[in-house]
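*Asks:* Questions regarding the structure given below will be posed in turn.
The values are calculated or read from the model by the stated rules, or taken from the named source; none is laboratory data. These numbers were taken from a predicted model, which means no experiment stands behind them. Positions of Cβ are backbone-derived with ideal geometry, glycine not excepted, and every protein chain shown enters the neighbour counts. Side chains included, ligands, DNA and RNA excluded: accessible areas come from the protein's heavy atoms. Shrake-Rupley method; radii C 1.70, N 1.55, O 1.52, S 1.80 Å.
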Amino acid sequence: MRLSAFRRGTLRTAVLALTTATMAVTAACGGTGTSESGDKSITVYTADGLGSWYKTEFDTFRQQTGISVNIVEAGSGEVVSRVQKEQSNPQADLLVTLPPFIQKAAGEGLLADSGVDTTAVDKADKDADGKFVAIVDNYLSFIANPSATPAPKTWDDLLSPRFKGKIQYSTPGQAGDGTAVLLLLQHLMGDQAALDYLAKLQVNNVGPSSSTGKLQPKVSNGELMVANGDVQMNLASIRDDGSKFDLFFPAMPDGSRTTVSLPYFAGVTKGAPHAENAQKLLEFLLSKDVQQTVGTHALGVSVRTDVTPPAPDGTTPTPSEVMKGVTVWNPDWNSVLTSLDTDVAAYQKSTGS
């Protein structure tokens, strides 16, 4: 479904607390935030995409609890890398990232059992050992500038010479959405055929990007014609920033369209300076009242089984409208993680990146 009539964007809010300091954004679409001293604060390391929703909900959380929330945004892999590097002096209290990076964090012992009640969350959206839980469900998508006519509709369309130097996708192994591109192609085409396809696509690809979010303005202003993204972040960009691009899901030769489930997962970090506050924030985000705002404010899908998706309002499209006719694939992320390094290495060799 093409959505050029709808506009929004993702606010890149670096810090939400009144006294929070921020530092420059890095190439990974993130920066270093500073945490307030004392017990009335919490620092969240998060993959980008939920900025506007965070702004509203974290302000409500502060009003209810007196606890200020500091945010550091970066690419999905980068936030996990930061937590790993800071193990001797933990700075983050809550980690929010996409799969398979949250599974990687858990496997490396970077997460603690939060003790949060997740009974209202579907089994597929939470860790059996209680280390992490989804807070917003989301899905891989692609975006195209409206001037890309005829509009690309299939995977083969992206190989067209007219897109030389006009396509960019976030890097597998560094960004969650970029990793999902590789995984989806492996699922649809087989491992070797996926690598062969990406090697051909490299002719049109601008180069690596550790952040998917940074590709949105480039597509909107026409610097790029096509990029990967995710449904929640792209819809948010159209609504909030007035971005000019259309969402689509590349089709296979038989016309079938498939996407990957990419939930935003959250977990309390091991040795968190404010672990109790992190637990309170996670409980707040999973509460029914907050989850009822996911569809309307975050433009994602609630993870609670007792929350009904919002009905279309005729203005901003809902994820269900966008994804009509698209098959959702739910990978075994633990299995993905076991071969991820090998798959990324094969990707790098095939594309010369």
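*Asks:* Which one of GLY109, ALA74, PHE61 is farthest out on the positive end of the charge dipole of the range 47-136, using unit charges on Cβ (Lys, Arg +1; Asp, Glu -1) and the Cα centre as origin?
*Replies:* Checking the options against the dipole of the range 47-136, the answer is ALA74.
*Asks:* Could you please state, rounded to a whole Å, how far the C-alpha centre of the range 175-195 is from the C-alpha centre of the range 243-285?
*Replies:* So the two Cα centres are separated by 18 Å.
*Asks:* If you stretched the chain out fully between SER287 and LYS153, how much longer would it get, using 0.36 nm times the residue separation minus the C-alpha to C-alpha distance?
*Replies:* Additional length available on full extension: 44.4 nm.
*Asks:* Treating only the Cβ atoms of Lys and Arg (+1) and Asp and Glu (-1) as charged, compute the dipole magnitude of the range 280-334 about its Cα centre; round to the nearest 20 debye.
*Replies:* About 40 debye.
*Asks:* At 1.4 Å probe radius, can you tell me the per residue accessible area of the chain in Å²?
*Replies:* Computed with neighbouring chains in place, this is 40 Å² per residue.
*Asks:* For the chain, take the longest principal axis of its alpha carbons; what is the angle in degrees between that and the long axis of helix 176-189, to the nearest 10 within 0 to 90?
*Replies:* Taking the Cα atoms of the chain, the angle to 176-189 is about 40 degrees.
*Asks:* For the range 203-290, build the charge dipole from Cβ charges (+1 Lys, Arg; -1 Asp, Glu) around the Cα centre, then report which of PRO273, ASN228, GLY255 sits farthest towards its positive end.
*Replies:* Sorting the options by dipole projection puts first PRO273.
*Asks:* What FRET efficiency comes out for SER256 versus GLU86 if R0 is 45 angstrom and r is the Cβ-Cβ distance? Round to the nearest 0.05.
*Replies:* Computed FRET efficiency for SER256 and GLU86: 0.55.
*Asks:* Related question: Using a 1.4 Å probe on the protein heavy atoms, what percent of the accessible area of the range 255-353 belongs to carbon and sulfur? Numbers along the way, then the final one.
*Replies:* Values: 2270 of 4620 Å².
Carbon plus sulfur share of accessible area: 49 percent.
*Asks:* Can I ask one more? Hey, what did the range 87-236 get for relative contact order, percent, Cα under 8 Å, at least 6 apart?
*Replies:* Here the relative contact order equals 29 percent.
*Asks:* OK, next. Can you give the local net charge around LEU262? Use residues other than it whose beta-carbon is closer than 11 angstrom to its beta-carbon, Lys and Arg +1, Asp and Glu -1.
*Replies:* Spelling it out: positives minus negatives among the neighbours equals -3.
*Asks:* Dipole of the chain, Cα-centred, from +1 at each Lys and Arg C-beta and -1 at each Asp and Glu C-beta, to the nearest 20 debye? Intermediate values should be presented prior to the final figure.
*Replies:* Values: 29 positive and 37 negative charges, 209 e Å.
It comes to approximately 1000 debye.
*Asks:* What share of all Cα pairs of the range 249-312, in percent, falls into each consecutive 5 Å distance bin?
*Replies:* In order of increasing distance, the bins hold 3, 14, 17, 16, 14, 14, 9, 6, 4, 2, 1 percent.
*Asks:* So if I take the centroid of the Cα atoms in the range 136-165 and the same for the range 324-345, what is the distance between those two points in Å?
*Replies:* A separation of 21 Å, based on Cα centres.
*Asks:* Describe numerically, in nm with one decimal, the distance between label points set 7 Å from Cα along Cα→Cβ at LYS40 and at THR338.
*Replies:* Each label point is offset 7 Å from its Cα along the Cβ direction, giving 5.0 nm.
*Asks:* Something else: I need the P(r) histogram for the chain: all alpha carbon pairs, bin width 20 Å from 0 out to the longest distance, whole percents.
*Replies:* For the chain, the binned pair fractions read 32, 59, 8 percent.
*Asks:* May I pose another question? Extension gain ASP113-ARG162, at 0.36 nm per residue separation less the Cα-Cα distance, in nm?
*Replies:* Computed gain between ASP113 and ARG162 is 12.6 nm.
*Asks:* Another one. State the answer as a single residue: which of LEU195, ASN138, ALA124 lies farthest towards the positive end of the charge dipole of the chain, with beta carbon charges of +1 for Lys and Arg and -1 for Asp and Glu, about the Cα centre.
*Replies:* Checked the options; the winner is LEU195.
*Asks:* On to the next question. Can you tally the net charge around SER81? Count Lys and Arg as +1, Asp and Glu as -1, for every other residue whose Cβ sits under 12 Å from the Cβ of SER81. Before the final figure, lay out the partial values.
*Replies:* Details: positive: ARG82, LYS85, LYS104; negative: GLU78, GLU86, GLU108.
Net charge in that neighbourhood comes out at 0.
*Asks:* Still on this structure, please answer the following. Can you order the peptides 134-140, 253-259, 219-225 by their average number of other Cβ atoms within 10 Å per residue, highest first? If you can, show how the numbers build up before the last one.
*Replies:* On the way: 134-140: 25.4, 253-259: 12.6, 219-225: 20.3.
Highest mean packing first, the order is 134-140, 219-225, 253-259.
*Asks:* Among the DSSP beta bridges whose two residues both lie in the chain, what percent are antiparallel, rounded to the nearest 5?
*Replies:* If we restrict to bridges inside the chain, about 55 percent are antiparallel.
*Asks:* Using 0.36 nm times the number of residues separating LYS123 and LYS55, minus their current alpha carbon distance, what extension gain do you get?
*Replies:* 21.7 nm
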